[in-house]
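Scroll down for the structure; my scribbles are underneath it.
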Amino acid sequence: MTLIFLSDKWTKQNISNLKIQRNSVTEPIVLVPGSNATQYRFDLLIRDINKREKTPHSLLRVLVHKNYTISYSGAIKKGERQPFIVK
């Protein structure tokens, strides 16, 4: 009986911990332009999606240079669950 009680308590605690982890996960939407396209390729798509949403998604543009350095513009708002990231 003790084993059943401890097992039940352990299971409920793990489920509680998983719920907390799930609520803190960010699920970015990564958009990669094809050849000969720029970082601005998806601007109309992002604008249209954000018009339909109650709260607009953040946008972060990332540029990887030939010398392996990275530059970026935009930002991801704190607490944003599904920001757009354009590479």
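The values are calculated or read from the model by the stated rules, or taken from the named source; none is laboratory data. Please read these numbers as outputs of a predicted model, since none were measured by experiment. A quick note on method: Cβ atoms are made from the backbone with ideal geometry, for glycine too, and the neighbour counts reach across all protein chains shown. Remember, those area values only see protein heavy atoms, side chains included, never the ligands or the DNA or RNA. Shrake-Rupley method; radii C 1.70, N 1.55, O 1.52, S 1.80 Å.
Once the C-beta distance of Lys9 and Thr69 is scaled by a Förster radius of 41 Å, the resulting FRET efficiency is 0.20 to the nearest 0.05.
How much accessible area per residue does region 30-84 have, in Å², with a 1.4 Å probe?
81 Å²
Ligands, DNA and RNA left out, the accessible area of the chain computed with a 1.4 Å probe is 59% carbon and sulfur. Here, region 41-87 is characterised by an Rg to Rh ratio of 1.04, where Rg is the alpha-carbon radius of gyration and Rh the Kirkwood radius.
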